[in-house]
Each structure stands twice: as structure tokens, then as C-alpha cells.
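Structure first, commentary second.
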Amino acid sequence: MLYGIHAISRDDNIAVVYVRRPPANPAVAYLTFGALADGNVDVDIILQTASAGHGNDLIFTIHAEDSERAREILTKQFADSPETEIEIDPSAVKLSVSGEGMQGKPGVAAKVFKCLWDADVRILNISTSEIKICMLIPRRDADRAYQALTDGFEIV
């Protein structure tokens, strides 16, 4: 078990949702995810980007089959904010590298990113915790990325 990694997983059934230029309202995250929860849309990775002049952009993943329902919910939620743009991209895959042994082992992230760089895989977004690194990558790179990680961390 190299670097404390015990699993590499892949989820092809996702869509990435981008909420760009939401209102500069401290409750925008609650309003966004509350509306999705009320509509029974499960949300996974959540990222927030800093921005100037408007609210912070939100990026998150949902199950691909919830894409149209999420679009309807978010379009309604931001109807009073014409500058807010909702984009849903079904062309990404989520790869996760996990293991409780990762914590306290310098170099895990560097090795993950080196494996993907060597395989010429573009990383769209990254989210981490103490025991997991999740990456969104283009669907066209998914097989190559998964193989590079399983080979690099000797996961069978």
C-alpha cells in the first residue's frame, strides 16, 4: 500500500454544475443547496471560487440523471439575478484516491498529480480532505487516468 492509499475509484455518472456570477449574498450557498435539497438533488464535491465584483462562483457535482431537474431548480432560484449563469457539463469523470494512511505522509498529492501529468491527463478541479483526493477530469482521459493511478500506487 504505497503512501497509505488503499483505493482508487472512478465515477462516470456525474455532471459538473457551474453557478457563475451569483449575487453577492452571504446566503447564496444555503439558498443554492437548500433549493437542490428540496428538489431531491444529491450534491457531491462542492467548490467555491473567490471573485471580484459579484458573489463567489460555485462548482459542484451531481448525478448525471439529475441534470435537467437541477437546471430547472437553479434557473428558478436565480431568476431575479440575470447576470447569474448556470452551466451543467456532463463530460467529466470523478476520480478519487483514498486511504486513511495518507494523512501525515508528505508527497501523496505530488505523486497523484505526477501520475496524471505523466499520462497527459488534464485536471479540471481538485478537492481534498485528510484521507481523500478527488479530481474531476475530462471523460476522454478517464481510462488512461485510472490506469496511471492504479499503476502508480500499485493498486490491483
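The values are calculated or read from the model by the stated rules, or taken from the named source; none is laboratory data. Please read these numbers as outputs of a predicted model, since none were measured by experiment. Cβ: placed from backbone, ideal geometry, glycine included. Neighbour counts: every protein chain shown.
Looking only at residues that are outside any strand (DSSP E or B) and of a type in the set (A, V, I, L, M, F, W, C) in segment 53-80, which one is farthest from residue 14 (Cα to Cα)?
79
Listed residues 129, 67, 98; which is touching a residue at least 12 places away in the same chain (Cβ under 8 Å) and within 30 Å of residue 22 (Cα to Cα)?
67
Hey, could you check segment 49-71 for residues that are among the polar types (S, T, N, Q) and modelled with pLDDT of 90 or more and say which is surrounded by the fewest Cβ atoms within 10 Å (Cβ to Cβ)?
67
Please report, ordered by residue number, the strands (runs of 3 or more DSSP E) entirely within segment 91-156 with at least 2 residues that are buried (at least 16 other Cβ atoms within 10 Å of the Cβ) and modelled with pLDDT of 95 or more.
Result: 92-98, 132-138.
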